[in-house]
Amino acid sequence: MPASSTSSSAAARVDVAVVGAGVAGLAAALGCAQQGLKVALIGPAARAHAPSAAAPFDVRIYAIAPGATALLAQLGAWNKIDAARVCRVERMRVFGDAGEALTFDAYAAAVERLATIVEEGELLRVLAAACDYQPALRRESAPLAALRADADAARIELDDGRTIEARVVIGADGAQSAVRAAIGANADVHDYRQQGVVANFACEHPHQDTAFQWFTDEGVLALLPLPGERVSMVWSAPDALSAQLMQLAPEALAARVTQRSGHALGALASIGAAHAFPLRRIRVDRLVAPRVALLGDAAHVVHPLAGQGLNLGLLDVSEWLRVLAAREPFRDPGDLVLLRRYERARAEPLALMRWTTDGLSRLFAADDPWVRRLRNTGLAAVERIAPLKRALIRHALG
């Protein structure tokens with residue numbers, strides 16, 4: 001008889017089942033295990049980039065804000081990251097399409113750094129290693145096949161026929177979340193008709209720990225500092241342009257980015273291949289259901305122009321762990337009251353970031369002379385108002 005049709009007594013029982021083994025899922029599973037809970041981490045391990053001489057850095061690069069850094073430090077993972085593979089961001093320069101510029105500086109804001117650039121593969125490595133040291137955490141590489149939850153428990157059927165019962169299920173299984181679909185949460189998807197083209201380059205001039213961003217009539221181009229004289233590019237380009245960029249030879253792409261960035265870092269040279277992914281906004285109508293909570297890309301996807309996607313997911317994890325640790329002794333981890341506390345705490349930050357990124361994307365995509373004048377006047381005004389700049393930095397730091 002297959003496991004999926006056995007009685008509930010044959011099911012493995014855990015306190016928390018985390019579905020999704022990406023960065024957010026690993027962090028959630030690790031944090032729950034560190035609180036003394038029995039945890040199952042479900043799903044195949046995320047594939048990490050293997051550095052090579054031709055492509056020494058992962059193309060999936062994240063600017064980790066201090067709020068998310070604090071969570072990784074709390075989990076004991078941050079100090080395990082290879083210091084030679086990270087780069088601090090001490091300042092950021094933002095350019096409008098009429099030459100106006102806005103500069104954010106960590107020193108002026110009295111903070112150590114604005115963010116830290118880390119590869120996805122490095123985050124996966126240290127979090128997976130930390131999970132392996134948790135005796136109460138078990139890995140289940142089989143993917144989720146079905147989920148049923150009620151007021152008493154959640155029951156997960158794995159693709160290999162085995163069954164797991166959990167007091168709470170955390171859906172951290174990405175933008176195409178099976179957990180989200182299983183609980184019937186509605187996902188409003190907006191296609192920006194853009195692709196995020198990512199690639200790494202060696203630069204002629206030192207970046208001096210500065211991140212650059214250009215809002216242009218060809219989308220938003222960002223260059224993020226990497227260790228040494230290297231940068232990571234994220235070009236949020238309209239579909240037609242992204243297709244052209246992906247067809248360019250590495251030398252031609254480097255020349256194109258050099259020209260589009262105004263030679264800010266001198267001539268660029270490609271290191272590794274370019275990749276592209278579609279840009280969408282996903283707004284979910286609820287983050288929780290009986291015995292189930294969503295976090296990370298399963299709960300929200302925003303435009304990458306602010307670089308806050310992973311930070312939002314890690315702050316979801318941080319809030320969930322805070323709610324879990326502060327629960328009353330008589331409440332189990334899947335108590336709907338706790339789930340509602342988590343949902344309420346995340347509602348405002350998520351709505352604000354969604355509104356900000358969506359609004360900026362639409363503002364700079366508009367091809368109207370008056371709108372163009374308005375947005376560049378706004379950049380210039382923010383540059384002149386120091387308290388406003390400091391407030392924006394504090395918000396971005398998480």
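For region 149-175, name all the residues that are part of a strand (DSSP E or B), charged (D, E, K, R) and within 22 Å of residue 299 (Cα to Cα). Answer for region 149-175, where residues must be part of a strand (DSSP E or B), charged (D, E, K, R) and within 22 Å of residue 299 (Cα to Cα): 155, 157, 167. Looking for something touching a strand residue (DSSP E or B) at 6+ places or on another chain (Cβ under 7 Å) and aliphatic (A, V, I, L, M) - is there at least one such residue anywhere in region 126-137? So far as region 126-137 goes, yes, one or more of its residues are touching a strand residue (DSSP E or B) at 6+ places or on another chain (Cβ under 7 Å) and aliphatic (A, V, I, L, M).
The set of residues in region 138-148 that are in a loop (DSSP other than H, G, I, E, B) and either touching a helix residue (DSSP H, G or I) at 6+ places or on another chain (Cβ under 6 Å) or of a type in the set (S, T, N, Q) (or both) contains only 141. Looking across region 106-159, the residues that are over 25 Å from the mean Cα position of the chain (by Cα) and among the charged types (D, E, K, R) come down to 148, 150, 152, 155, 157, 159.
If you scan region 189-228, which residues turn out to be among the acidic types (Asp, Glu) and at pLDDT below 95? Of everything in region 189-228, those that are among the acidic types (Asp, Glu) and at pLDDT below 95 turn out to be 191, 217, 218. Per the conditions (1) in contact (Cβ under 8 Å) with a residue 12 or more places away in the chain; (2) surrounded by fewer than 24 Cβ atoms within 10 Å (Cβ to Cβ), the sole criterion not satisfied by residue 235 is (2).
Per-residue answers, yes or no, for (1) surrounded by 21 or more Cβ atoms within 10 Å (Cβ to Cβ); (2) under 15 Å from residue 41 (Cα atoms); (3) not polar (S, T, N, Q):
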position: 112; (1), (2), (3): no, no, yes
position: 134; (1), (2), (3): no, yes, no
position: 149; (1), (2), (3): no, no, yes
position: 158; (1), (2), (3): yes, yes, yes
position: 164; (1), (2), (3): yes, yes, yes
position: 171; (1), (2), (3): yes, yes, yes
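Each residue in region 265-324 was checked for being among the small types (Gly, Ala, Ser), farther than 18 Å from residue 347 by Cβ and more than 14 Å from the chain's Cα centre (by Cα), and 8 pass.
From the list 323, 382, the one residue that fits, being among the β-branched types (Val, Ile, Thr), over 30 Å from residue 90 (Cβ atoms) and either part of a helix (DSSP H, G or I) or modelled with pLDDT of 60 or more (or both), is 323.
Checked against the criteria, residue 173 does not count as at pLDDT below 95, touching a Leu at 6+ places or on another chain (Cβ under 9 Å), under 25 Å from residue 279 (Cα atoms) and not hydroxyl-bearing (Ser, Thr, Tyr). In region 100-107 there is at least one residue that is exposed (fewer than 15 other Cβ atoms within 10 Å of the Cβ) and closer than 24 Å to residue 219 by Cα. Across region 61-95, the number of residues qualifying as more than 21 Å from residue 208 (Cα to Cα) and of a type outside the set (Phe, Trp, Tyr) comes to 14. Within region 185-218, the residues that satisfy the criterion of being crowded, with 20+ Cβ neighbours inside 10 Å and either touching a Phe, Trp or Tyr at 6+ places or on another chain (Cβ under 6 Å) or among the β-branched types (Val, Ile, Thr) (or both) are 196, 197, 198, 200, 210, 214, 215. Scanning region 289-298 for residues that are touching a strand residue (DSSP E or B) at 6+ places or on another chain (Cβ under 7 Å) and surrounded by 19 or more Cβ atoms within 10 Å (Cβ to Cβ) gives 289, 291, 292, 293, 294, 295, 298.
Identify, from the list 93, 113, 88, the residue that is closer than 19 Å to residue 200 by Cβ and of a type outside the set (S, T, N, Q). After ruling out the rest, the residue left standing is 88. Kindly indicate whether residue 268 is surrounded by 24 or more Cβ atoms within 10 Å (Cβ to Cβ), under 17 Å from residue 147 (Cα atoms) and modelled with pLDDT of 95 or more. Against the criterion (surrounded by 24 or more Cβ atoms within 10 Å (Cβ to Cβ), under 17 Å from residue 147 (Cα atoms) and modelled with pLDDT of 95 or more), residue 268 does not qualify.
The values are calculated or read from the model by the stated rules, or taken from the named source; none is laboratory data. Please read these numbers as outputs of a predicted model, since none were measured by experiment. Cβ coordinates were reconstructed from backbone atoms using ideal geometry, including for glycine residues, and neighbour counts include every protein chain displayed.
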